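Every number here is computed from the coordinates shown, using simple stated rules; none is lab data. Since the model is a prediction, treat every value here as computed from it, not as a measurement. Note: ideal-geometry Cβ built from the backbone for every residue, glycine included; neighbour counts use all protein chains shown.
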């Protein structure tokens, strides 16, 4: 069943059209990644889905009573404030201590419950944001370049955690990322966006598409194949965990 259906949408900022004729849908339980160059309308698409950006044309249909969790590209938050993770989790959620801890556990950060926000690494703080996004058991998670500022190992571990969340909760995931080599290997479907949908399909099909190659370079197909191979091995690298 479609959780989200997008039909022929147009989004303008002033005189500039950032999205035109975009059609796509998101189904239950799938991981969909949106890739594209800077300024291609990726964030505008997510903002349109959550209702933060108006449409000039077209429509977005959400499944009845759809619950969405959102992890932003960045959060304007003064990390020097004397605030624990537990307190931060309660800022906009009417939850109890057990629910808070369970969400952090699902996000891969159960041991930072009492830690100060100011003491967290970038990867730990992103896991806290992920925990806030999943605490109300959403039907779909929306992630807008949620690993921005993390190094490659930290990004890889974060996306691995997203897969774990999907397996445990069966929520769908719609994410934007520039980490092609990591993200595409974890996705069920990839949508290449540049103002419009240039191509879409399985990671392998998109990586071999001429429009994708023209946008990101022919070498990305080989990189994708490498990470698909690595992704097939179920192991954790202790050094990567340390960097998260």
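See the values below:
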item	result
Potential extension, residue 94-residue 118 segment - 0.36 nm per residue separation minus Cα distance	6.3 nm
Viscosity 1.002 mPa s, temperature 20 °C, Stokes-Einstein D of segment 1-84 from Kirkwood C-alpha radius, µm²/s	146
Residue 213-residue 13 pseudo-label distance in nm [points 7 Å out on the Cα-to-Cβ vector]	3.2
Potential extension, residue 205-residue 105 segment - 0.36 nm per residue separation minus Cα distance	32.5 nm
Gain on full stretching of the segment that runs from residue 188 to residue 168 - 0.36 nm per residue minus C-alpha separation	5.6 nm
Rounded D (µm²/s) - the chain, Kirkwood Rh over Cα pairs, Stokes-Einstein at 20 °C, 1.002 mPa s	115
Folded to 0 to 90 degrees: helix 152-169 orientation relative to the chain principal axis, Cα	90
The chain: relative contact order in percent, alpha carbon pairs under 8 Å with at least 6 residues between	25
Packing-based exposure ordering (other Cβ within 10 Å, fewest first) of 85, 197	197, 85
Fewest-first ranking of 7, 145, using other Cβ atoms within 10 Å as the exposure measure	7, 145
Rg/Rh for segment 24-159, where both radii come from Cα atoms and Rh is the Kirkwood radius	0.97
DSSP beta bridge pairing in the chain, given as percent antiparallel to the nearest 5	50
Cα-based helix-to-principal-axis angle, 220-231 vs the chain, degrees rounded to 10	40
Size of segment 115-196 as Cα extents on the principal axes (Å, biggest first)	42, 28, 22
Residues in segment 68-99 that a label on residue 178 would reach, taking backbone N under 19 Å of a point 7 Å out along Cα→Cβ	71-76
Estimated inter-spin distance, residue 87 and residue 160, nm [label 7 Å along Cα→Cβ]	3.3
